[in-house]
Amino acid sequence: MTTEKKDKGMPIGITLDPGVYYRCGCGKSKNLPFCDESHSGSADLPIRFEIDKRQKVFICGCGLTGEQPFCDGSCGVSLADRQ
Ligand code: FES
């Protein structure tokens, strides 16, 4: 994932129900941070992830995390202040 995304720079806090999700990997989705299949024909594929219980998660918006699709603090933002 590159850092040249429309939602770059900040973690995206969102509460998700249990299920399978696809994080947009191309930046073209009209439903960021989720894939809407706009990547068709692109090498930047979506990142699949599962949520097993309803919870608030922070999706990486900067592209620097080592724990895609989740923010790991590499952006410098403290998630402790955002819970
Ligand atoms: S938004 Fe990318 S590491 Fe926090």
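The values are calculated or read from the model by the stated rules, or taken from the named source; none is laboratory data. Everything quoted here is computed from the prediction, not taken from an experiment. Using ideal geometry, Cβ is built from the backbone for each residue, glycine included, and neighbour counts are taken over all protein chains shown. SASA here: full protein model, heavy atoms, side chains in, ligands and nucleic acids out. Shrake-Rupley method; radii C 1.70, N 1.55, O 1.52, S 1.80 Å.
Go through the range 15-36 and give me each residue that's of a type in the set (A, V, I, L, M, F, W, C) and surrounded by fewer than 19 Cβ atoms within 10 Å (Cβ to Cβ).
Leu16, Val20, Leu32, Phe34
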Ser29 passes all but one of the listed conditions (1) touching a Cys at 6+ places or on another chain (Cβ under 8 Å); (2) outside any strand (DSSP E or B); (3) within 13 Å of the ligand (Cβ to nearest atom); the exception is number (3)
Looking at the range 37-79 only, could you name the residues that are open to solvent by less than 90 Å² (accessible area, probe 1.4 Å) and not in a loop (DSSP other than H, G, I, E, B)? Ile47, Phe49, Ile51, Gln55, Val57, Phe58, Ile59, Phe70, Leu79
